[in-house]
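J.: Submitted below is the structure of interest, expressed as structure tokens.
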Amino acid sequence: MYRDGDFEFRARFSPNGWYGRNDRPFAEVDAALPAHAPDLIQDLELETLFSAMSLGDQFLFAIAKQAIICGLNEPDDIGYRQDVLRDCLTHPNIVRGVYELAADAMQRSSKVYRSTYSASGVLSGAVEVMRLLVDMLKRLRAVADEHGHLFRSEGFVRFFNMLQAELDDEYFSTVEEHLRNLKFSSGELISAQLGKGNKGIQYVLRKPWPDTRGWMDRLLGKGPPSYTYELPPRDENGAQALGQLAGRGANLVANALAQSADHVLSFFQMLLAELGFYVGCLNLHDRLAEKGEPSCIPVPRPLDESAFFAQGLYDVCLSLRMEGKVVGNDVAADEKELVVITGANTGGKSTFLRSLGLSHLMMQCGMFVPAAQFSANVVKGVFTHYKREEDVTMKSGKFDEELSRMSTIIDRIQPRSLMLCNESFASTNEREGSEIGRQIVRAILGARIKVVYVTHMYDLAEGFRRQNVANTLFLRAEREPDGRRTFRLREGEPLSTSYGPDLYQEIFAGNEPEASVSAATALPAD
């Protein structure tokens, strides 16, 4: 007897077991983003990163956006994804092939007409979808058989082992037999009982009676005894009643098979999303490799540590927008809770700040980072407070807007987060802006939040230096004696000048400082 559940796909056959410890599936592309996500996207220019990963594919764009902004907080979970990424970088063609297979399954199944007006229509559509998906599952099993032994990460090993264990020959044989029977080439066998008023009840679709006779008996012998009634050719009411009887018998099976088809489709949808993130990583890695830009798998440190070390760290979004290579920076800031960045205008301070924020986000979603080496403690969130342009609606001044935005951040930020400030409170006079910035930074540091602050306000930076705080690092943008910018940051105390005359000479006198790297003219003003 066919009954509800006979076609339920095996519960173990699901990708839920391969994307990691306490991990969130990337398939949650519609999950709500943090409230500060718009500021994060704007200040760190994340749209450029998402576009490079997606190559115009809106689905990959959404996956990249969700994964990068909603990162992980446990180094073990990050390491799990990193191991999967290493396999992807080692075998990119295989991974892309599996992704394309999942995409093909979703696309082809969407073209199958699945009626919802009758049980027979639901059943017919589900049979066609399952036939298509079984073919895709066979192809997926073939990939596991041929290439599964090449992968080393826990995620891929579990995934390919699951495919080989669950999608065995017996499984395919059973499913294909069911699908052949559900074509009803010899008619439908339905049982029923009489209820009150001689109305039919308990309609059940039965499996075809197995014919165990030899071929000679089947050819010459009589069939089993039966009572037959044939409808007259023009009996439309009878035909309609017979169709309703068949629909009642097939209803449970139609629902069960439709649910099974949806279950298999959800598997391919999950697989598409899971691999979509790694395909996006491959797209980005290929783009950077073509330019000769370095990248590395970072070392995530525990949440309760204060760690930050980088060699050759650069702004990946700046690199994606320009043809030449970008200057990288080396920083050693372990045990530092406050990093104050000062120095010459257009010296690369804001660019470095973006590179730091981008690298934290990329590390915590399990990606590689744009650096030769990178290690940092994970944080509960990355928050940005960047200067904004004048409010064109004139509802408030720039200073009021800055204070309001900072107040909103303070309401949302948690201990063990990372705060990136770029010229905060520079819209007022230096004395007032320095005092406000100093008090806010002290309060944030007291809440165990790491702060990286880019500023031109000498009073603010010098005030932190005079405190002689051991957990503070001062970086300064380099400027050569002849005015050239190297776009490198070095450890150094704040200076009382940002070399404004250099800008005057560049803008009004036309004496542009000679760039030491091809990236010079592409760097934004700091």
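The values are calculated or read from the model by the stated rules, or taken from the named source; none is laboratory data. This structure is a prediction, so every number in the text was calculated from the model and none was measured. So basically every Cβ, Gly included, is an ideal-geometry build from the backbone, and we count neighbours across all protein chains shown. Areas reflect the complete protein model, heavy atoms only, side chains present, ligands, DNA and RNA absent. Shrake-Rupley method; radii C 1.70, N 1.55, O 1.52, S 1.80 Å.
J.: Are any of the pairs Lys349/Lys450; Lys336/Lys398; Lys65/Lys138; Lys111/Lys138; Lys325/Lys349 more than 24 Å apart by Cα-Cα distance, and if so, which?
T.: Lys336/Lys398; Lys65/Lys138
J.: Ignoring ligands, DNA and RNA, what accessible area per residue does region 370-499 give at 1.4 Å, in Å²?
T.: Here the per-residue accessible area is 48 Å².
J.: Restricted to Cα positions, what overall size does region 327-445 have along the principal axes? Three whole-Å values, descending.
T.: 44, 32, 28
J.: Still on this structure: Separation between the Thr174 and Gln467 pseudo-spin-labels, each 7 Å from Cα along Cα→Cβ, expressed in nm?
T.: Placing both labels 7 Å along Cα→Cβ, they lie 6.7 nm apart.
J.: A follow-up question, please. Need one value: the accessible area of Phe159 in square angstrom, 1.4 angstrom probe, rounded to the nearest 10.
T.: 0 Å²
J.: Take the Cα of Lys291, step 7 Å along the line toward its Cβ, and report every residue of region 45-77 whose backbone nitrogen sits under 15 Å from that point.
T.: 45-55
J.: Still on this structure: Can you tell me how much longer the chain between Arg321 and Gln414 gets when fully stretched, taken as 0.36 nm per residue apart minus their C-alpha distance, in nm with one decimal?
T.: Difference between extended and current length: 30.2 nm.
J.: Another question, then. Full extension from Gln107 to Glu166: what is 0.36 nm times the residue separation minus their Cα-Cα distance, to one decimal in nm?
T.: Gain on stretching Gln107 to Glu166: 18.8 nm.
J.: Moving on. Need one number: nm distance between label points at Ala372 and Arg139, each 7 Å from Cα along Cα→Cβ, rounded to one decimal.
T.: Output for this residue pair reads 4.4 nm.
J.: Would you mind telling me the share, in percent, of accessible area of region 339-445 contributed by carbon and sulfur at probe 1.4 angstrom?
T.: Here it works out to 49 percent.
J.: Using the Cα centre of region 42-163 as the reference point, and only Cβ charges (+1 on K/R, -1 on D/E), how large is the resulting charge dipole? Debye, rounded to the nearest 20.
T.: 660 debye
J.: Give me, ordered by chain and number, the residues 5 or more places off Gln373 or on other chains with an amide H under 5 Å from its own placed amide H.
T.: Placed amide hydrogens put Gln311 under 5 Å from Gln373.
J.: Quick one: Karplus J couplings for region 88-96, per residue in order, coefficients 6.51, -1.76, 1.60, θ = phi - 60°, nearest Hz, x for Gly and Pro?
T.: Calculated HN-Hα couplings, in order: 5, 5, 7, 10, x, 5, 5, 5, 5 Hz.
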